[in-house]
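Just so it is clear, none of the values below were taken in a lab; they were calculated from the coordinates. Computed from a predicted model, the values in this text were never measured in an experiment. With ideal geometry, Cβ positions are generated from the backbone for all residues, glycine too; neighbour counts draw on all protein chains shown.
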Amino acid sequence: WDNADFSKGTGTTFYQEFLTLNTAKPPFVRDVEAKIRRYLRSSYSAAWTLKITWEKAPAYTARTDTRRTITYQAILTTDGFRSYILMLYQQGGMQWDYTRLAATNVLIGYT
């Protein structure tokens, strides 16, 4: 994550929790399971999933430019034994002007 700045009223953050142990799974959770199966070539059935979305998030400090935003998601999921995270970014990637950020070592994803 980077220093997104929502203080100027641009952008929002929201989440949705999916409890799927012993219940019917919505299409979103089935899609997450399919991605994990495909990428890891492993069987997987989610018991719990959390989708967090940062929508139109401006970079810190928002006073510099609120037009360049980024939308991204983190999907956390577990079957009770194994846990995974999917990092999803809006088509086109990073829209922040990384030359104006406090840190110059910008990375999309995680290490």
Low-density loop positions, chymotrypsin sites (Phe, Trp or Tyr not before Pro), segment 1-85 - DSSP coil, at most 13 other Cβ in 10 Å: W1, F81
Relative contact order (%) - criterion: Cα under 8 Å, at least six apart; region: segment 12-100: 25
Spatial extent of segment 12-100: Rg and Dmax, with the Cα atoms as the point set, Å: 15.9, 49
From phi via Karplus (6.51, -1.76, 1.60), per-residue ³J(HN,Hα) for segment 78-86 in Hz, x at Gly/Pro: 8, 9, x, 10, 10, 10, 9, 10, 10
Electrostatic dipole magnitude of segment 12-100 [Cβ: Lys, Arg +1; Asp, Glu -1; Cα centre; debye, to 20]: 200
Low-density loop cleavage sites - GluC sites (Glu not before Pro) in segment 1-60, where at most 14 other Cβ are within 10 Å (DSSP): none
5 angstrom amide H check on A47, placed H, neighbours 5+ away: T78, D79, G80
